[in-house]
Ligand code: BTN
């Protein structure tokens with residue numbers, strides 16, 4: 001069904017390797033990494049109706065009940081120099097926001113570095129990983145881009161600590177989109193933005209990220225090497241790193257990690 005809806009030129013269309021569509025799997029990212037280490041080419045994807053060991057960034061669990069979300073991972077093998085790769089996460093955030101807008105009335109904001117946000121709650125996220133031992137004599141090393149989007153969660157399926165912080169498409173827009181259509185649109189957008197990245201059109205991608213950002217201009221806080229940095233998120237640089245200006249005017253560049261955004265009530269979340 002998903003493959004019948006594909007409008008991509010390359011993603012999902014590898015001749016030598018089939019895409020994998022699972023009812024239940026541990027993690028689509030883990031499976032895609034296995035396939036990449038066995039030599040699967042760019043474009044092969046793994047999608048599942050349920051994950052039993054879905055992973056988020058920073059070692060977190062990604063709640064993945066059956067038929068409640070889109071859980072998909074795609075193998076990319078970029079030829080760009082490694083220092084340009086961090087942009088992939090931001091680029092896929094843009095792709096996900098655009099794909100969601102194409103199948104629903106939901107307008108997603110992007111929180112640096114990889115969160116899809118609606119009304120201050122997390123709707124989805126991107127986990128880009130570089131698994132070891134995936135380069136072959138013919139193929140550059142792989143990046144596995146995993147995307148999780150909450151579509152139709154039952155509140156009983158949500159762990160108590162996430163109840164007030166996450167959201168899902170049917171909660172925002174009563175008609176949840178078809179998950180196969182969402183996946184197909186997502187792959188189309190990922191392919192477009194990835195091709196732009198390969199063509200060096202980074203500033204165009206970053207401008208789209210800026211336009212969708214719910215981070216820039218906000219007061220943010222982050223912990224880095226045991227140190228707290230607080231200030232205004234003023235921009236992202238060419239590598240996608242976040243530039244934060246503290247109250248004393250010092251500019252810090254954050255390359256990784258997680259930020260909290262200050263709410264109008266003065267809380268950070
Ligand atoms: C995050 O925001 O922390 C990233 C979440 C990424 C979740 C997706 S679901 C599909 C893929 N498989 C995984 O185990 N994780 C990613």
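Odds and ends about this structure:
- Take the conditions (1) more than 14 Å from the ligand (Cβ to nearest atom); (2) exposed (fewer than 15 other Cβ atoms within 10 Å of the Cβ); (3) in contact (Cβ under 8 Å) with a residue 24 or more places away in the chain; residue 100 misses just one of them, which is (2).
- Restricting segment 23-49 to residues that are part of a strand (DSSP E or B) and within 11 Å of the ligand (Cβ to nearest atom), the residue that is surrounded by the most Cβ atoms within 10 Å (Cβ to Cβ): 45
- Contact map, segment 43-61: first residue closer than 29 Å to residue 259 by Cβ and in contact (Cβ under 8 Å) with a residue 24 or more places away in the chain, second residue more than 10 Å from the ligand (Cβ to nearest atom) and in a strand (DSSP E or B), Cβ cut-off under 9 Å, separation 6 or more or different chains; pairs are 51/22; 51/24.
- Inter-residue pairs, beta-carbon under 6 Å, first without any contact (Cβ under 8 Å) to a residue 40 or more places away in the chain and in segment 122-145, second in a loop (DSSP other than H, G, I, E, B), 6+ apart: 126/114; 135/141
- Taken over segment 50-69, the criterion of being over 19 Å from residue 130 (Cβ atoms), within 8 Å of the ligand (Cβ to nearest atom) and in contact with a helix residue (DSSP H, G or I) (Cβ under 7 Å, 6 or more places away or on another chain) is satisfied by 51 alone.
- When residues in segment 126-168 are screened for being outside any loop (DSSP other than H, G, I, E, B) and under 22 Å from residue 47 (Cβ atoms), 14 of them pass.
Here, each number is a calculation from the coordinates, and none is a lab measurement. The structure displayed is predicted, hence computed values, not measured ones. All Cβ positions, even for glycine, are placed from backbone atoms using ideal geometry, and neighbour counts span all protein chains on display.
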